[in-house]
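Step one of this worksheet: look at the structure below.
The values are calculated or read from the model by the stated rules, or taken from the named source; none is laboratory data. What you see is a predicted model, and the numbers here were worked out from it, not measured in a lab. Please note: Cβ atoms are built from the backbone with ideal geometry, for glycine as well, and neighbour counts cover all protein chains shown.
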Number of protein chains: 2
Amino acid sequence: MFESAELGHKIDKATYDQEVPALREALLRAQYELIEKARFPVLILVGGVDGAGKSETVNLLNEWMDPRHIQTHGMGEPTQEELQRPYMWRFWRVLPPKGKIGILFGSWYTQPIVNRVLGSSKAVELDQHMEAVVRFEKMLADEGALILKFWMHLSKPQQLKRLTALEKHQATRWRVTEEDWRRFKMYDKFRKASERALRRTSTAEAPWLVVEGNDPRYRSLTVGKSLLQALRAFLDNKTPPRHPLAPPLAPAIDSLHLLKTLDLSLALPKKTYEKELEKYQGRLNMLTREAGFKNVSVMAVFEGNDAAGKGGAIRRVTGALDARRYQIIPIAAPTEEERAQPYLWRFWRHVPAHGRFVIFDRSWYGRVLVERVEGYCSEYDWMRAYAEIVDFEEQLAHNGAVLAKFWLSISKEEQLKRFQEREQIAFKQFKLTEEDWRNREKWEAYEAAVCDMVERTSTRYAPWSLVEANDKYYARVKILKTLCEQIERAL
Amino acid sequence: MFESAELGHKIDKATYDQEVPALREALLRAQYELIEKARFPVLILVGGVDGAGKSETVNLLNEWMDPRHIQTHGMGEPTQEELQRPYMWRFWRVLPPKGKIGILFGSWYTQPIVNRVLGSSKAVELDQHMEAVVRFEKMLADEGALILKFWMHLSKPQQLKRLTALEKHQATRWRVTEEDWRRFKMYDKFRKASERALRRTSTAEAPWLVVEGNDPRYRSLTVGKSLLQALRAFLDNKTPPRHPLAPPLAPAIDSLHLLKTLDLSLALPKKTYEKELEKYQGRLNMLTREAGFKNVSVMAVFEGNDAAGKGGAIRRVTGALDARRYQIIPIAAPTEEERAQPYLWRFWRHVPAHGRFVIFDRSWYGRVLVERVEGYCSEYDWMRAYAEIVDFEEQLAHNGAVLAKFWLSISKEEQLKRFQEREQIAFKQFKLTEEDWRNREKWEAYEAAVCDMVERTSTRYAPWSLVEANDKYYARVKILKTLCEQIERAL
């Protein structure tokens, strides 16, 4: 992987001086086109060997283009707020919106490679991590992002020479730390681990560009030209990207499906309900006060048919909680800032710290429910969403989140009854919209979407609970009980 | 202040049970109207004596209204990210947007009162802090926010009784900590300090509502009714709030003003420029690498006439910096999320942590420049902006920010020359818009606005530097030199 970056590439000063002005102008032009069109974000990762010109490259890009529209982030040690969230949270925080260039100095590659070099992780763990990275970068590419990954390389003798030279001069001595020398001693290990990581993550969507870092002119011109070429290709591409055709999800050939297996006649008498409600609310309250709760977080997702009783169920859950501890996130149309980011960005924003309880009233599942059925996104987009969501939830669970997902199911007849009730009661009319009636006409399409969703996204660490909700009492108690059980298992 | 909250207020169960259903319905109705109209945010502060029902009140509001549209924040210990910013940053972070209700359990009052009780601050410091609070709340009110401040009170014998009772029962014992008893011993001091704070901050815009906390029914009904009444008043108010007329700023009666005192013929020959540029860029670079730099932050603000060379000057500054250390914030039209918040919110978002360098390409001064001249906001709004900005900058400076503010000034003739140049050079055409020509027609109005701005917002800790910018070389060197000097003084 690094062979061609150890050939001793060089550019002479005359060539460099001749090429740079035109390159800079073209880069600046491309950048302004990018800002004006705001069709996609540009994400530039800069990694590699110490002393190979990583920071020089970052500074150069800021100098050659308009730095006002470049966001550079040095991803150093994570902060306390970041440590309480999944590893990727801090990167989601700094993703550039459409029209902007984001440069990450240090990235999601740094920690896995360093861990492998220091021997605190196994090769197979590095591989697993890199698989997750491939999926993440594919998601970004599917969302339209231009991803450029530069790996600045030096051969071992070159690095030694470079460190020694830096140390010799007063003005640059500060740049060589003991840490650098300690790391130099691990050059071979580092090379091996990073080669392994790079091989596995050099994909069609986001290939690595390994750049020999020894000659500043060669290095700068290579990075600049690669960036320009990629920018132009994306800017000039007038046809939307074509995705491989996905085989359509086959509906069950008989008419049996998951939702039909639910016994919607399940009900609780009022007396029993009141007793059970109190019991499980009390239990939930005690659970959130246990010492161990400060090491977990809870994310409860509520989805369901219109008028299935989500709001009422949520109130019974929050009724058991201290208001300082929970947050309810009602999911409506995305804001302008959210639309300029990948689909899942607006949910990453709300990932809770440990000890916190977040309730999503509708959720990231909108993509495979309403957006699928109403055709708000392409088939390719909602098809890829299943895997992206599973990834997202796996990261959350891995970080200590209890993920409880509820689908509140009512029959078509029960829904009609509730719609009619709402029409009657002045106070409830606001809850019924034209859209609710329209959705009702697509009952079967929604059923199919729900079944696919449950099948594809119910996992051990983030299971779906289907809730028979024709009877509100039964539904609320089932939800509270399930929540308690899931939290108990986590504590 | 607390006398009428020690009278032994009580509501009997029959009255309570009769009143609550209608109150809840009316609250819910008001809440939905609030969401639908999204004209203003509602901010509810809950403070007071321990055991007086603070958390019960917060939970009750979440139960009585739709908790999906209420954001409750327990403001406990600040996080590491928060500690690196001014005291108010964490509160700006959680301000509710228009249409939402935000409940703060613990607020900007907590720390100043506690500090006074513990004797770590003087009475005069508490007073000063409360003055700042009054200005902050006035700003929120001017932005349209409904602010409700509930202080839950218990007399000393009542508090003793309450703590003892809580401790007696297994189910509530956890709620009484040693800390509570320690605080009880300081009841008199606490009462005195909070009375002092409350008196000074009970204003027409945001009066305190002291609620006797002993009887839960009285307490709940009082809070619920006060909230309803305030919500209704704000929702039903069809005429925009009338502000007291401000006396217009008088222009100087002769034609002499600050900008005219600048000698725009100041210039540097290219040779000198190159030498000076290198010198000050080097000095700036070294300064950001000094050990002390990790305890300060730099916020550099660039404003100026169109075509005065802000972009070029910014590039000369960033050219001296490590790209990982700085961020440039170009200020354009506010996003949807920003428009739902007070004017300064979108700048608070970008307040840097220590050790960071943030450059604002245009800034919060837009309000007293373009918004004033073009009539984008009312005279009352830009008039109050001067004081709000001074407050904002004082907090930043107090937290260790070096605030350098540059006005780049060119003559009307020089601007015309530059506009014409831009028209000629294909590559620079994008930089010239219709708006630039329109702004030019209001040259005198802008001049007046700039003079008022400098006069009213140039402070010891955040001085304006007027930069003679007809000669770009001279301007850039002056900016770099000023920046270096300001940072040196801070280190």
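Go through (1) within 28 Å of B:Leu83 (Cα to Cα); (2) within 28 Å of the chain's Cα centre (by Cα); (3) modelled with pLDDT under 95 for B:Ala333 and report which single condition fails.
(1)
With respect to A:Leu95, is the statement that it is among the aliphatic types (A, V, I, L, M), modelled with pLDDT of 95 or more and in contact with a Gly (Cβ under 9 Å, 6 or more places away or on another chain) true? Write out each step before concluding.
On the way: among the aliphatic types (A, V, I, L, M): yes; modelled with pLDDT of 95 or more: yes; in contact with a Gly (Cβ under 9 Å, 6 or more places away or on another chain): yes.
Considered against the rule, which asks whether it is among the aliphatic types (A, V, I, L, M), modelled with pLDDT of 95 or more and in contact with a Gly (Cβ under 9 Å, 6 or more places away or on another chain), A:Leu95 comes out as yes.
A:Gln111 passes all but one of (1) in contact with a His (Cβ under 9 Å, 6 or more places away or on another chain); (2) within 11 Å of chain B (Cβ to nearest Cβ); (3) part of a helix (DSSP H, G or I); which number fails?
(2)
If you go through the range A:213-253 one residue at a time, how many are at pLDDT below 65 and either assigned by TED's automatic domain parsing to the domain that holds A:Ala387 or loosely packed, with under 13 Cβ neighbours inside 10 Å (or both)?
Here the count works out to 12.
Within the range A:188-229, which residues are closer than 24 Å to A:Lys10 by Cβ and hydrophobic (A, V, I, L, M, F, W, C)?
Of everything in the range A:188-229, those that are closer than 24 Å to A:Lys10 by Cβ and hydrophobic (A, V, I, L, M, F, W, C) turn out to be A:Leu198, A:Trp208, A:Leu209, A:Val210, A:Val211, A:Leu221, A:Val223, A:Leu227, A:Leu228.
Out of the residues in the range A:286-315 that are of a type in the set (D, E, K, R) and under 16 Å from A:Val477 (Cβ atoms), state the one that is surrounded by the fewest Cβ atoms within 10 Å (Cβ to Cβ). Steps first, please.
Our first condition is that a residue be of a type in the set (D, E, K, R); within the range A:286-315, this holds for A:289-290, A:294, A:303, A:306, A:310, A:315.
From the residues that got through so far, the ones that are under 16 Å from A:Val477 (Cβ atoms) too are A:310, A:315.
On the way: A:Lys310: 23, A:Arg315: 17.
Only one residue tops the list, namely A:Arg315.
For the range A:338-361, check the following and say yes or no: at least one residue is at pLDDT below 95, among the acidic types (Asp, Glu) and under 21 Å from B:Glu81 (Cβ atoms).
no
Of all the strands (runs of 3 or more DSSP E) wholly in the range B:36-106, which have at least 3 residues that are without any contact (Cβ under 8 Å) to a residue 40 or more places away in the chain and within 11 Å of chain A (Cβ to nearest Cβ)?
Values: elements: B:42-48, B:70-74, B:101-105.
It comes to B:70-74.
Taking the criterion of being touching a Lys or Arg at 6+ places or on another chain (Cβ under 8 Å) and among the charged types (D, E, K, R), would at least one residue in the range A:52-61 satisfy it?
Checked against the condition, which is being touching a Lys or Arg at 6+ places or on another chain (Cβ under 8 Å) and among the charged types (D, E, K, R), the range A:52-61 yields at least one hit.
What residue, of A:Gln170, A:Gln128, A:Gln84, is within 23 Å of the chain's Cα centre (by Cα) and surrounded by fewer than 16 Cβ atoms within 10 Å (Cβ to Cβ)? So that I can check it myself, show each step before the final result.
Working: A:Gln170 fails: within 23 Å of the chain's Cα centre (by Cα); A:Gln84 fails: surrounded by fewer than 16 Cβ atoms within 10 Å (Cβ to Cβ).
Residue meeting the stated conditions: A:Gln128.
Tell me, please, whether a residue that is at pLDDT below 95, within 28 Å of B:Ala385 (Cα to Cα) and among the small types (Gly, Ala, Ser) can be found in the range B:421-430.
Within the range B:421-430, the first condition is being at pLDDT below 95, and the residues that meet it are B:421-430.
From the residues that got through so far, the ones that are within 28 Å of B:Ala385 (Cα to Cα) too are none.
Within the range B:421-430, not a single residue is at pLDDT below 95, within 28 Å of B:Ala385 (Cα to Cα) and among the small types (Gly, Ala, Ser).
Determine, yes or no, whether B:Glu25 is within 18 Å of B:Leu228 (Cα to Cα) and part of a helix (DSSP H, G or I). First the steps, then the outcome.
Numbers: within 18 Å of B:Leu228 (Cα to Cα): yes; part of a helix (DSSP H, G or I): yes.
The answer is yes for B:Glu25.
Would it be correct to say that B:Glu414 is of a type in the set (Asp, Glu) and free of Cβ contacts under 8 Å to residues at least 24 places away in the same chain? I'd like the intermediate steps shown before the answer.
Details: of a type in the set (Asp, Glu): yes; free of Cβ contacts under 8 Å to residues at least 24 places away in the same chain: no.
It is false that B:Glu414 is of a type in the set (Asp, Glu) and free of Cβ contacts under 8 Å to residues at least 24 places away in the same chain.
Looking at the range A:255-281, which of its residues are surrounded by 13 or more Cβ atoms within 10 Å (Cβ to Cβ), within 35 Å of the chain's Cα centre (by Cα) and not aromatic (Phe, Trp, Tyr)?
A:His257, A:Leu258, A:Leu259, A:Leu262, A:Gln281
Residue-by-condition table, conditions (1) more than 22 Å from A:Leu396 (Cα to Cα); (2) surrounded by 13 or more Cβ atoms within 10 Å (Cβ to Cβ):
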| site | (1), (2) |
| --- | --- |
| A:Glu423 | yes, no |
| A:Arg440 | yes, yes |
| A:Leu466 | no, yes |
| A:Ile479 | no, yes |
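Given the criteria away from chain A (no Cβ under 14 Å) and aliphatic (A, V, I, L, M), does B:Ala5 qualify? Write out each step before concluding.
Working: away from chain A (no Cβ under 14 Å): yes; aliphatic (A, V, I, L, M): yes.
The answer is yes for B:Ala5.
Count, please, the residues in the range A:456-481 that happen to be more than 27 Å from the chain's Cα centre (by Cα) and touching a residue at least 60 places away in the same chain (Cβ under 8 Å).
Taking the range A:456-481 as the starting set, the residues that turn out to be more than 27 Å from the chain's Cα centre (by Cα) are A:467-481.
In the following step, the residues that additionally are touching a residue at least 60 places away in the same chain (Cβ under 8 Å) were identified as A:467-477, A:479-481.
Matching residues across the range A:456-481 total 14.
If only one of A:Met286, A:Met299 is within 14 Å of another protein chain (Cβ to nearest Cβ) and at pLDDT 90 or above, which one is it?
Values: A:Met299 fails: within 14 Å of another protein chain (Cβ to nearest Cβ).
Checking each option against the conditions leaves just A:Met286.
Hey, B:His9 hits all of (1) in a helix (DSSP H, G or I); (2) more than 30 Å from the chain's Cα centre (by Cα) but one; which does it fall short on?
Only one criterion is unmet by B:His9, namely (1).
Within the range B:124-239, considering only helices (runs of 4 or more DSSP H) that don't extend past its boundaries, which have at least 1 residues that are of a type in the set (Asp, Glu), without any contact (Cβ under 8 Å) to a residue 12 or more places away in the chain and within 22 Å of B:Glu33 (Cβ to Cβ)? Even if it seems obvious, please write down each step before you answer.
Details: elements: B:156-168, B:170-173, B:178-184, B:187-201, B:216-236.
In the range B:124-239, B:216-236 are the helices (runs of 4 or more DSSP H) which contain 1 or more residues that are of a type in the set (Asp, Glu), without any contact (Cβ under 8 Å) to a residue 12 or more places away in the chain and within 22 Å of B:Glu33 (Cβ to Cβ).
Among the residues of the range B:455-464, is any among the small types (Gly, Ala, Ser) and buried (at least 19 other Cβ atoms within 10 Å of the Cβ)? Before you say what the answer is, go through the steps one by one.
Looking only at the range B:455-464, we keep the residues that are among the small types (Gly, Ala, Ser), and these are B:458, B:462.
Within this subset, residues satisfying the condition of being buried (at least 19 other Cβ atoms within 10 Å of the Cβ) are B:462.
Taking every residue of the range B:455-464 in turn, at least one turns out to be among the small types (Gly, Ala, Ser) and buried (at least 19 other Cβ atoms within 10 Å of the Cβ).
Does B:Gly311 qualify as being at the interface with chain A (Cβ under 10 Å from one of its Cβ atoms) and within 28 Å of B:Glu441 (Cα to Cα)? Break it down into steps so the answer makes sense when it comes.
Numbers: at the interface with chain A (Cβ under 10 Å from one of its Cβ atoms): yes; within 28 Å of B:Glu441 (Cα to Cα): yes.
Yes; evaluated as a whole, the condition is true for this residue.
So in the range A:2-25, with the set limited to residues that are acidic (Asp, Glu) and within 18 Å of A:Glu63 (Cβ to Cβ), which one is surrounded by the most Cβ atoms within 10 Å (Cβ to Cβ)?
At the first step, the residues of the range A:2-25 found to be acidic (Asp, Glu) are A:3, A:6, A:12, A:17, A:19, A:25.
In the following step, the residues that additionally are within 18 Å of A:Glu63 (Cβ to Cβ) were identified as A:17, A:19, A:25.
Values: A:Asp17: 10, A:Glu19: 15, A:Glu25: 12.
So the residue we want is A:Glu19.
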